[in-house]
1. Among ALA178, GLY40, GLY295, which residue has its Cα positioned farthest towards the positive end of the charge dipole of the chain, with +1 placed on the Cβ of Lys and Arg, -1 on the Cβ of Asp and Glu, and the dipole taken about the Cα centre?
2. Length gain on complete extension for the stretch ALA193 to ALA282, per 0.36 nm per residue less the alpha carbon to alpha carbon distance?
3. Please label the shape of the stretch 139-263 as rounded, prolate or oblate, based on the square roots a ≥ b ≥ c of the eigenvalues of the alpha-carbon gyration tensor (a/c under 1.5 means rounded; beyond that, a/b larger than b/c means prolate, else oblate).
4. Along the charge dipole of the stretch 143-237, which of VAL190, TYR234, ALA164 sits closest to the positive end, that is, farthest toward it, with unit charges on the beta carbon of Lys, Arg, Asp and Glu (+1, +1, -1, -1)?
5. Kindly identify the stretch 64-167 as rounded, prolate or oblate by the Cα gyration tensor criterion: order the square roots of the eigenvalues as a ≥ b ≥ c, call it rounded if a/c is under 1.5, otherwise compare a/b with b/c, prolate if a/b is larger, else oblate.
6. Under a 5 Å amide H to amide H cut-off, with H placed in plane at 1.01 Å, what residues pair with PHE58 once short-range neighbours are removed?
7. Where both partners of a DSSP beta bridge lie in the chain, what percent of those bridges are antiparallel, to the nearest 5?
8. With just the Cα atoms defining each centre, how far is the stretch 223-243 from the stretch 73-107? Give it in Å.
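Only the coordinates and a few stated rules stand behind these numbers; no lab work does. Quantities reported herein were computed from a predicted structural model and do not represent experimental measurements. Glycine also receives a Cβ, built like all others from the backbone with ideal geometry; neighbour counts cover every protein chain displayed.
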Amino acid sequence: MPGPVEPFESGMLPVGDGNEAFWEASGNPTGKPALYLHGGPGSGIKTAYRKHFDPEKFLIVGIEQRGCGRSRPLATDPGADLSTNTTQELVADIEVLREHLQVRQWLLYGGSWGTTLALAYAQTHPDRVSEMILAAVTTTSSAEVAWITEDMGRVFPREWDQFADSAHAEPGERLVDAYHRLLTQPDPGVREAAALAWCTWEDVHMSLDPKATPHLQHQSPEFRLLFATLVTHYWRNAGFGGDDLLGRMDRIAGTPAVLIHGRLDVSSPLSTAWNLAKAWPAAELVVVDQDGHGGSGMVEEVDCAVARFAPE
């Protein structure tokens, strides 16, 4: 596939509640529209997503979700209102961007949390989605959140004990709630310590691959705090509808899709993608045996899926 191309247009789009969302477009202005939805929540967009798409055939669009990246205000800014940062608002923001770009219908490509958001958007606006490519599939259900934050201690007991100790949870308090409480404290030292502990735990469970290397804990303190704040905000609320996504698959049953998942992905067990595929007649599940929550094999499968959906 061609290498990444530079955007030909970008901007800050007012999306309501005092928020502005950063967006960019590259490739062919008259090509097939494709929208990339990043993970996290809070990871922001990097240039790598563009390289999956032939810039002569696709209009390649990326948006940074509310509260992160170059969108403003950031979730960690003083006075930021997280009550207006929900999946429903992000879905509405995507619609604002679609109308701004005058796109009738687009292919959705999401990774990790971006797959949850893609499902929520497609189920809300099925007529606006031509195909879907979902890599490292999640639905951010309450069961998935409990698995990552509580139950996975059975897989990584030493690391989980450190994670749990750093939460300073009150009696009966879930760890995800305890971390969110710490991350929104006025004391910057408390916030920074909680963000580092959260990101260290995230690095632990990304893969069972012994060659996997830590990533999040080595980011800047500002990024760690923003990432952990948004992740805990969404996770403690089960993705604002994650428990409902599997039961609403009839809304997109005929939408062509490729689900790409790593067998070594312990943070998002394969069962999530498996159950979605069983409820999705038009979807194909591709299992990458050697990958966890990402990996080179998944990158290759995304390229194959994009080529399948490319215009002639």
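1. GLY295
2. This chain segment gains 27.5 nm when fully extended.
3. Working: a/c = 1.80, a/b = 1.49, b/c = 1.21.
Here the stretch 139-263 falls in the prolate category.
4. Of VAL190, TYR234, ALA164, it is TYR234.
5. It comes out oblate by the Cα gyration axes.
6. Long-range HN contacts for PHE58: ASN28, LYS32.
7. Values: 14 of 39 bridges.
Here the antiparallel bridges make up roughly 35 percent for the chain.
8. Distance between centres, Cα-based: 15 Å.
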